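The values are calculated or read from the model by the stated rules, or taken from the named source; none is laboratory data. Bear in mind that the values here come from a model prediction, so they are computed numbers and not experimental data. Because the Cβ atoms are built from the backbone with ideal geometry, glycine has one as well, and the counts that use them run over all protein chains shown. Heavy atoms of the whole protein, side chains included, go into the accessibility calculation; ligands, DNA and RNA do not. Shrake-Rupley method; radii C 1.70, N 1.55, O 1.52, S 1.80 Å.
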Amino acid sequence: MEDLESLKAEVLAAIAAAQDLKAWDDARVAALGKKGRVTELMKGMGALPVEQKIEMGKKLNVLKSEIEAALENRRNELAEKELNEKLARETIDVTLPVRDEVQGRIHPVSKIYEEVVAIFGEMGFDVAEGPDIEDQFHNFNALNMPANHPARQMQDTFYIPNRNSDDFDDSYVVRTHTSPVQIRTMESRRPPIRIIAPGRTYRSDYDATHTPMFHQVEGLVIDKNITMAHLKGCLYDFVKAFFELDEIPVRYRPSYFPFTEPSAEMDIGCLKTKTELKIGAGTDWLEILGCGMVHPNVLRAGGIDPDEYQGFAFGVGIDRLAMLKYGIPDLRTFFESDVRWLKHYGFTPLDFSSMTGGLSNNGGSAR
Ligand code: PHE
């Protein structure tokens, strides 16, 4: 008669050692199969005397159920193991490897553009556009500057000949400011109008603060009952948001533009020292933009009745804003396409300007 304890130990060890379902089945057959060790013992019981038979029967039944329980356990373990291995084999890595450094930089002009659009977008302004090559009607005449108007000399204009006409008045210009977009907007939609028009502008000028191509953003609001107070409130909110300050001193100086009446220039308070320019405090003033109430002649040229509607307009130099906000001393470097310059003054493409998420992302930017 086999020693049941060692039999049990051997069978359980074989079950525990089974590493796959095949080995598990071999262990099962070896113990409980037709010719298995436990089965053989059960068969052999018939020859035993009655009392031994009863006792042996009990023991073998207990042993059998213990083995069955161990088998069941091991099978579950193996099934789980097999499933896990299958899942591990079939995993797809959907993540991208982390890049050491984001390549490329956003140019400060593009950054300021985004910031200005974010600020005015929040105030409910749309972005409008117009062509770089303009006719004199949109660039001058409709803006209350008829031919020979002295104000045309204020801007050093690049003219482009008109192949179909020898008349100088028919020649085109590369727009000297974004103000022609005021006219194009009035021509294409009815008030209320609330737009900004950022874009390229051109004047024959070249020094540390002037380049022949530069950028402006125009603003135009037209509705019934618009007053200078709206202009002031709107621009005050803009400079505060733009320079990311809670308070900023501002003042309006009387000025002259043919297309606005009255006209003003807006200054912001700052502190100028030999080495530094601090915006938002101090006793100095910095001119920041031109603005005014839209001249009735301009409304008329745009097909809007000045007795029914009023508006205000402003024009800001985007490059100048970039120089001030990000401390870039020479405008000419903006357009030299020097990668080292861009790496230094540019912004990482992953930082978006928004009023809620942060305008300049100074902390997280490349600078
Ligand atoms: N177009 C003017 C300039 O280029 C700026 C401006 C725009 C002034 C709108 C008043 C109103 O200097």
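Just the protein heavy atoms count here, and of the accessible area of the range 121-239 at 1.4 Å, carbon and sulfur take up 48 percent. Of the trypsin sites (Lys or Arg not before Pro) found in the range 3-109, those in coil by DSSP whose Cβ has at most 12 other Cβ atoms within 10 Å are Lys34, Lys35, Arg99.
Think of a 1.4 Å ball rolled over the protein heavy atoms: the range 167-321 then has 44 Å² of accessible area per residue.
Modelled spin-label separation between Glu336 and Arg89, with each label point placed 7 Å from Cα along the Cα-to-Cβ direction: 6.2 nm.
Shown for the range 4-89: the carbon plus sulfur share of the solvent-accessible area, taken with all protein chains present and a 1.4 angstrom probe, equals 57%.
The listed residues Ser6, Ser171, once ranked by accessible area (1.4 Å probe) with the largest placed first, stand as Ser6, Ser171. The calculated 222 nm mean residue ellipticity attributable to helices in the chain amounts to -12000 deg cm²/dmol, summing -39500 (n - 2.57) over DSSP H runs of n ≥ 4 and dividing by all residues.
For a test of the definition: using alpha carbon positions, the gyration tensor, and the 1.5 limit on a/c, classify the range 4-89 as rounded, prolate or oblate. Prolate is the answer for the range 4-89, as a/c is 1.5 or above and a/b outweighs b/c. Of Met186, Thr209, Asn297, which is farthest along the charge dipole of the range 108-345 in the positive direction, counting Lys and Arg as +1 and Asp and Glu as -1 at C-beta? Of the options given, the answer is Thr209. Would you work out if the range 159-225 is rounded, prolate or oblate? Take a ≥ b ≥ c from the square roots of the eigenvalues of the alpha-carbon gyration tensor; rounded if a/c is under 1.5, else prolate when a/b is larger than b/c, oblate otherwise. Because a/c hits 1.5 or more and a/b fails to exceed b/c, the range 159-225 counts as oblate. For the range 133-214, the set of chymotrypsin sites (Phe, Trp or Tyr not before Pro) satisfying both a DSSP loop assignment and a count of at most 13 other C-beta atoms within 10 Å is given as Tyr206. The spacing between the range 113-154 and the range 1-70, judged by their C-alpha centroids, is 97 Å. Long hydrophobic helices in the chain, taken as whole DSSP H segments with a C-alpha length of 24 Å or more on their own axis and mean Kyte-Doolittle hydropathy at least -0.5, are absent. The Phe137 and Arg253 beta-carbon pair, evaluated with R₀ = 25 Å, returns a calculated FRET efficiency of approximately 0.25. Taking all protein chains as they are arranged and a probe of 1.4 Å, the heavy atoms of Ile328 leave approximately 10 Å² accessible to solvent. Geometric descriptor of the range 1-46, per residue, is 48 Å³ (volume of the convex hull of the Cα atoms). In this view, the solvent-accessible surface of Ile195, computed with a 1.4 Å probe and all protein chains in place, comes to about 0 Å².
Name the residue farthest towards the positive end of the dipole of the range 4-89 from the options Gln52, Trp24, Ala79, assuming +1 on Cβ of Lys and Arg, -1 on Cβ of Asp and Glu, about the Cα centre. So the residue we want is Gln52. Accessible surface comparison of Ser354, Ser360, probe 1.4 Å, protein chains only, largest first: the order is Ser354, Ser360. Taking the chain as a Gaussian network of alpha-carbon nodes connected by springs under 10 Å, the highest mean-square fluctuation of the residues Val316, Val339, Val98 belongs to Val98.
Please report the accessible area of Glu129 (heavy atoms, 1.4 Å probe, ligands and nucleic acids excluded) in Å², nearest 10. Here the accessible area works out near 150 Å².
Rounded to the nearest 20 debye, the dipole size of the chain about its Cα centre is 900 debye, using +1 on the Cβ of Lys and Arg and -1 on the Cβ of Asp and Glu. Distance between the pseudo-spin-label points of Glu5 and Ser171 (7 Å out from Cα toward the beta carbon): 11.7 nm. A DSSP coil position with no more than 13 other Cβ atoms inside 10 Å describes the following trypsin sites (Lys or Arg not before Pro) in the range 106-175: Arg163. Cross-link partners of Lys22 among lysines, defined as those whose alpha carbon lies under 20 angstrom from its own and excluding same-chain residues fewer than eight positions apart: Lys34, Lys35, Lys81, Lys86. Shape summary of the chain, radius of gyration then Dmax from alpha carbon positions: 41.7, 136 Å.
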